[in-house]
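The values are calculated or read from the model by the stated rules, or taken from the named source; none is laboratory data. None of the values given here were measured: they were computed from a predicted structure. For neighbour counting, all protein chains shown are included, and Cβ atoms are generated from backbone atoms with ideal geometry for every residue, glycine included. Heavy atoms of the whole protein, side chains included, go into the accessibility calculation; ligands, DNA and RNA do not. Shrake-Rupley method; radii C 1.70, N 1.55, O 1.52, S 1.80 Å.
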Amino acid sequence: MRHILSILVENEAGALSRVAGLFSARGYNIESLTVAPTEDATMSRMTIVTTGSEEIVEQITKQLNKLVDVVKVVDLSEGRHIERELMLVKVRAAGKDREEMKRTADIFRGRIIDVTDKSYTIELTGTTDKLDAFLEALDKGAILETVRTGVSGIGRGEWVLKA
Amino acid sequence: MELKLPPLAETGETLTGAEIAIRCLSEEGVEFVFGYPGGAVLFIYDALFKQKKVKHILVRHEQGALHAADGYARATGRPGVALVTSGPGVTNAVTGIATAYMDSIPMVVITGQVPTRAIGEDAFQECDTVGITRPCVKHNFLVKDVNELAVTIKKAFHIATTGRPGPVLVDIPKDVSQQTARFHYPDKVHLRSYSPVVKGHGGQIKKAMQLLLDAKRPMIYVGGGAVLGEASQEVTELVRLLDFPCTNTLMGLGSIPASDKRFVGMLGMHGTVEANMAMQNCDVLLAVGARFDDRVIGNPAHFAAGNPSRKIVHIDVDPSSISKRVRVDVPIVGHVKDVLTELIALIKAGKEKPDAAALAAWWAQIATWRAKDCLKYDRASPIIKPQFVIEKLWEVTKGDAYVTSDVGQHQMWAAQFYRFEKPRRWINSGGLGTMGVGLPYAMGVKLAFPEADVACVTGEASIQMCIQELSTCKQYHLPVKLVNLNNRYMGMVRQWQEFFHGNRYAESYMDALPDFVKLAEAYGHVGMKVEKPGDVEGALREAFALKDRLVFLDIITDQTENVFPMVPGGKGMSEMILAEDL
Ligand SMILES: Cc1ncc(C[n+]2csc(CCOP(=O)(O)OP(=O)(O)O)c2C)c(N)n1
Ligand SMILES: [Mg+2]
């Protein structure tokens with residue numbers, strides 16, 4: 001099962017390596033990890049996408065809570081939530097493919113943010129599934145480079161993660 | 001980390017970082033710092049030199065410093081403190097830190113670091129201390145501002161000693177130890193990201209009580225958490241109140257007196273038949289400060305599948321210990337002492353009693369397992385049996401010594417045959433299984449309890465891993481007694497090779513052993529060699545009578561003896577090999 005863990009950590013040097021180290025030391029999966037400061041500059045927010053059985057994810061949550069720098073851990077997948085990922089894709093866009101590429105980007109609500117006569121750079125946000133679907137819709141040979149941020153997530157409605 | 005700044009931060013004396021570090025230790029009531037100097041800690045050593053409150057014990061290798069501080073902590077319950085220099089000082093200390101971490105021992109480790117401006121430049125004796133130690137500490141800090149030093153050390157002691165205890169490291173760059181700041185030691189620190197649960201959930205405790213009272217085949221399984229949490233009195237009271245069988249893990253020995261008839265011995269890989277069978281076959285299991293690890297229950301699938309209806313109550317201060325390897329029915333997160341106190345009060349207040357008839361039948365079943373007499377050995381042997389030495393050690397010290405051990409067969413025999421009556425008397429490395437701990441552990445214990453008998457049960461391989469500390473014992477007059485069960489083999493390795501590797505004894509024979517008697521003498525101690533069973537008791541009596549001397553008893557034991565019972569790795573608890581099976 002895929003889980004999205006949202007973690008508030010002290011904005012301390014080393015906090016990221018404590019969390020990342022925990023996953024590698026205990027053999028847990030990380031599909032993606034994002035981290036940046038929050039509105040409170042003393043804290044950072046991480047979103048980690050992981051997979052594992054209920055037992056394993058329960059252990060991951062407990063182990064994360066044990067880290068002294070971790071203020072709070074929530075499994076967003078346990079409630080209603082929104083998840084988004086940002087992707088930048090550089091694609092070949094020359095000759096007859098150029099128009100087709102633009103159309104595909106439009107269908108996925110991608111924005112072309114950089115252009116040369118042979119390429120487009122497309123910005124796309126959405127769920128991981130949507131970004132995957134976009135890549136699948138493209139001709140493999142047309143993709144020059146992809147950069148993805150990994151998932152960020154937030155609870156729906158009034159559900160707020162606070163220290 | 002949020003902290004309430006002390007209101008008087010602007011007042012207080014102006015001190016150097018080094019002086020602040022030492023003053024913090026003295027404010028914490030630290031008696032001993034175990035350490036070894038070097039470039040990065042010279043200011044701290046200078047500050048130590050200028051005061052008298054905190055006594056420094058100069059070891060001969062940083063590993064020894066960590067183990068000695070750890071042994072002190074295990075015996076006293078107070079945090080052990082060690083001080084080492086940057087680079088090689090730290091890397092030498094890592095084994096000791098990891099050893100303490102695996103057994104949840106409270107320690108504060110102060111390390112020197114290269115000056116802040118040199119960090120990251122591959123400076124002389126630089127290593128990424130915080131990075132290297134991160135996976136084997138409860139927490140660690142790099143202090144970059146001298147104004148943060150006192151509060152960081154306070155946090156270190158707070159974190160090390162609360163919740164599930166553990167080692168905390170404070171890395172101090174040399175320039176920080178030289179700079180000055182106003183000294184103010186806060187009484188308390190508050191960390192918003194750290195607040196261990198202490199009080200168990202009342203509803204869960206009630207559920208636990210009901211399960212226990214309804215049990216037909218109950219079992220109480222007590223681990224090191226009960227020793228660390230000072231709960232042995234409560235454990236003993238509960239066991240007696242209910243008249244339930246009780247087993248201890250290697251780390252939990254002494255949490256109930258071994259002489260109590262309800263104590264069925266240690267469980268696990270080298271546990272007794274009665275403990276392992278009761279554990280496997282009980283219908284209600286109460287686990288107290290224990291973690292169902294691989295050396296205790298063996299294969300968790302076998303443990304669960306062999307008895308799927310077994311109900312488990314688990315009390316632990318660390319939620320991550322609960323349902324980690326074995327699914328638990330009633331988890332109770334809290335201080336074991338407080339939870340047990342509540343549980344006992346509830347049982348006493350109620351009218352219900354355990355089912356006497358069922359309990360009698362259960363005890364009768366246990367008696368048949370006990371009748372196997374699984375720890376029996378050849379008492380008539382003309383060669384010294386290691387078990388016999390431990391029995392004699394128990395007799396000579398009236399069962400009241402502090403016993404440290406190293407790792408191997410001798411450790412298991414000490415655990416099986418020295419019948420511990422009190423907690424914190426049995427000092428050994430359970431989690432990491434670190435050879436070399438025995439002698440430095442004994443030093444830490446002897447410093448804490450100079451009047452007590454302290455024995456280190458060791459093997460000829462293990463003792464050579466920290467043998468240099470014999471010199472420290474000479475310097476500080478630490479008259480501990482070393483009981484070297486000398487079988488000329490890494491016995492535990494040899495046993496596995498005999499059982500599982502077709503008797504191919506690859507590199508487990510201890511060739512070229514030193515003359516331990518002469519070695520002890522060279523360090524200024526007394527050495528004795530014992531070769532006949534009839535001489536064991538006399539030698540032990542003589543050694544303990546030499547109150548002010550360290551005695552190294554080199555006892556030549558049976559090379560072929562094995563530790564029984566044995567649950568082979570990956571097997572279930574009831575799949576024991578007994579001596580009589582071979
Ligand atoms: C530092 C370290 N290295 C290796 C081991 C693996 N090991 C476990 S027991 C043992 C043999 C110990 O021999 P000895 O001290 O003579 O004790 P005996 O088993 O013979 O009683 C070894 C090598 C260990 N536990 N620790
Ligand atoms: Mg040996």
Please compare each pair in B:LYS385/B:LYS481; A:LYS72/B:LYS422; B:LYS518/B:LYS547; B:LYS174/B:LYS199 to a cut-off of 30 Å on the Cα-Cα distance and tell me which ones are over it. A:LYS72/B:LYS422; B:LYS174/B:LYS199
To the nearest Å², the heavy-atom accessible area per residue of the protein assembly as shown with 1.4 Å probe amounts to 41
In Å, the Kirkwood hydrodynamic radius of segment B:194-312 over pairs of distinct alpha carbons? 14.5
For B:GLY572, the residues 5 or more places away or on another chain with a placed amide H closer than 5 Å to its own amide H are B:ASN299
Against the empirical 2.2 N^0.38 Å scaling, what ratio does the C-alpha Rg of the protein assembly as shown come to? 1.08
Within 10 Å of each Cβ in B:189-198, how many Cβ atoms from other chains are there, averaged over the peptide? 3
Report the trypsin sites (Lys or Arg not before Pro) located in segment B:15-100 that are in a DSSP loop and have at most 15 other Cβ atoms inside 10 Å of their Cβ, or state none. B:LYS50, B:LYS52, B:LYS53
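Taking the Cβ-Cβ separation of A:LEU16 and B:ARG419 as r and a Förster radius of 60 Å, what is the calculated FRET efficiency to the nearest 0.05?
0.75
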What is the packing order of peptides B:243-255, B:152-164, B:119-131, taking the mean over residues of other C-beta atoms within 10 Å and listing the highest first? B:243-255, B:152-164, B:119-131
Accessible area buried at the B-A interface, both sides summed, 1.4 Å probe (Å², nearest 100): 1600
The protein assembly as shown - share of DSSP beta bridges that are antiparallel (%, nearest 5): 40
DSSP loop trypsin sites (Lys or Arg not before Pro) with at most 10 other Cβ within 10 Å: longest gap in chain A: A:1-79
Suppose we look only past 25 Å in the calculated P(r) of segment B:129-252. What percent of the Cα-Cα pairs does that tail hold? 47
Under the helix-only model (-39500 (n - 2.57) for each DSSP H run of 4 or more, divided by the residues of the protein assembly as shown), the mean residue ellipticity at 222 nm, to 500 deg cm²/dmol, is -10500 deg cm²/dmol
Filter on A:LYS162/B:LYS324; B:LYS261/B:LYS348; B:LYS138/B:LYS188; A:LYS162/B:LYS311 - keep pairs with C-alpha separation over 25 Å: A:LYS162/B:LYS324; A:LYS162/B:LYS311
Sorted largest first, the C-alpha extents of chain B along its principal axes in whole angstrom are 71, 62, 42
Of the accessible area of the protein assembly as shown, computed with a 1.4 Å probe and all protein chains kept, carbon and sulfur make up a percent value of 53
Within segment A:1-55, report the GluC sites (Glu not before Pro) that DSSP leaves as loop and that have at most 13 other Cβ atoms within 10 Å. A:GLU39
Put simply, what bits of segment B:292-332 lose 30 Å² or more of accessible area when the other protein chains are there, versus the chain on its own (1.4 Å probe)? B:SER320, B:LYS324, B:ARG327
Could you state the principal axis extents of the C-alpha atoms in chain A, from the largest down, to the nearest angstrom? 57, 34, 32
Could you give the distance between the Cα centres of segment B:148-205 and segment A:133-162, to the whole Å? 40
Straight-distance crosslink candidates among aspartates and glutamates, where the alpha carbon sits under 12 Å from B:LYS398 and sequence neighbours closer than 8 are dropped: B:GLU421, B:ASP453
Over 20 Å [Cα-Cα, segment B:30-167], rounded percent: 41
Which of the GluC sites (Glu not before Pro) across segment B:494-582 are loop residues per DSSP, with 11 or fewer other Cβ within 10 Å? B:GLU507
